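> Below you'll find the structure I mean.
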Amino acid sequence: MTYDLVVLTSRAPDVRAIVDSMVHAGETLRVRGAGGGALIQLCDDDGRPLVNIEAAQRVDVEGEVERLLGAEVTAGLTVPYWWVEVRASGGRGDAPALAHRFADAMVERLGGAVWPPVAPGGDEEGGNG
């Protein structure tokens, strides 16, 4: 079973922020593109995908994300902001934590929020890495 999370960033994700955040998730992970360039995968040494990162989508409509995730998630964000979906593989137990390390690093660099704020088994908001 996969584990999904959403990263909302105050600023548009640029290549540097994405690369730095992928390194923060795991320095030894391999990177490959998929989905015709719409997806980045972080993989283990055997090439198995652990985390899928989708291309950022700009959010321009006030209230759109609140309707889906709740107002507390977007507190402090003003449109436009960016929505990035991150999916951790269910095949490896540490994949959700890797996904959260990536997400937390993105928010640290670009501002924003992560939903849900804690990986399964995590005990503090935003504290997964």
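The values are calculated or read from the model by the stated rules, or taken from the named source; none is laboratory data. Quantities reported herein were computed from a predicted structural model and do not represent experimental measurements. Positions of Cβ are generated from backbone atoms using ideal geometry, with glycine treated the same way; all protein chains shown enter the neighbour counts.
> Inside region 1-52, can you point out the residues that are of a type in the set (Gly, Ala, Ser), in a strand (DSSP E or B), farther than 20 Å from residue 90 by Cβ and in contact (Cβ under 8 Å) with a residue 12 or more places away in the chain? Spell out how you get there, then give the answer.
Of all residues in region 1-52, those of a type in the set (Gly, Ala, Ser) come to 10, 12, 17, 21, 25-26, 33-38, 47.
Within this subset, residues satisfying the condition of being in a strand (DSSP E or B) are 33-34.
Still in the list and also farther than 20 Å from residue 90 by Cβ: 33.
Within region 1-52, none qualify.
> Residue 88 - would you say it is in contact with a Leu (Cβ under 8 Å, 6 or more places away or on another chain) and either touching a residue at least 40 places away in the same chain (Cβ under 8 Å) or under 16 Å from residue 110 (Cβ atoms) (or both)? Reasoning before the result, please.
Working: in contact with a Leu (Cβ under 8 Å, 6 or more places away or on another chain): yes; either touching a residue at least 40 places away in the same chain (Cβ under 8 Å) or under 16 Å from residue 110 (Cβ atoms) (or both): yes.
It is true that residue 88 is in contact with a Leu (Cβ under 8 Å, 6 or more places away or on another chain) and either touching a residue at least 40 places away in the same chain (Cβ under 8 Å) or under 16 Å from residue 110 (Cβ atoms) (or both).
> Kindly indicate which of 75, 55, 71 is surrounded by fewer than 18 Cβ atoms within 10 Å (Cβ to Cβ) and free of Cβ contacts under 8 Å to residues at least 12 places away in the same chain. Before you say what the answer is, go through the steps one by one.
Values: 75 fails: free of Cβ contacts under 8 Å to residues at least 12 places away in the same chain; 55 fails: free of Cβ contacts under 8 Å to residues at least 12 places away in the same chain.
That would be 71, the only listed residue that is surrounded by fewer than 18 Cβ atoms within 10 Å (Cβ to Cβ) and free of Cβ contacts under 8 Å to residues at least 12 places away in the same chain.
> In region 79-103, what count of residues is obtained for those that are surrounded by fewer than 16 Cβ atoms within 10 Å (Cβ to Cβ) and modelled with pLDDT of 95 or more? Write out each step before concluding.
Of the residues in region 79-103, the ones surrounded by fewer than 16 Cβ atoms within 10 Å (Cβ to Cβ) are 79-80, 85, 90-94.
Applying the additional criterion that residues be modelled with pLDDT of 95 or more yields 79-80, 85.
Summing the residues that are surrounded by fewer than 16 Cβ atoms within 10 Å (Cβ to Cβ) and modelled with pLDDT of 95 or more in region 79-103 gives 3.
> Moving to a separate point now. Is it true that residue 17 is touching a Ser or Thr at 6+ places or on another chain (Cβ under 9 Å) and closer than 18 Å to residue 58 by Cβ? Spell out how you get there, then give the answer.
Working: touching a Ser or Thr at 6+ places or on another chain (Cβ under 9 Å): yes; closer than 18 Å to residue 58 by Cβ: yes.
The answer is yes for residue 17.
> Pairs under 6 Å by beta carbon, first residue more than 23 Å from residue 89 (Cβ to Cβ) in region 101-119, partner among the charged types (D, E, K, R) and modelled with pLDDT of 95 or more, six or more apart or different chains?
110/11
> Yes or no: region 56-70 includes at least one residue that is at pLDDT 95 or above, under 21 Å from residue 2 (Cβ atoms) and part of a loop (DSSP other than H, G, I, E, B).
Yes.
> If I ask for residues that are closer than 23 Å to residue 77 by Cβ and of a type in the set (S, T, N, Q), which ones from region 1-57 would you list?
9, 10, 21, 57
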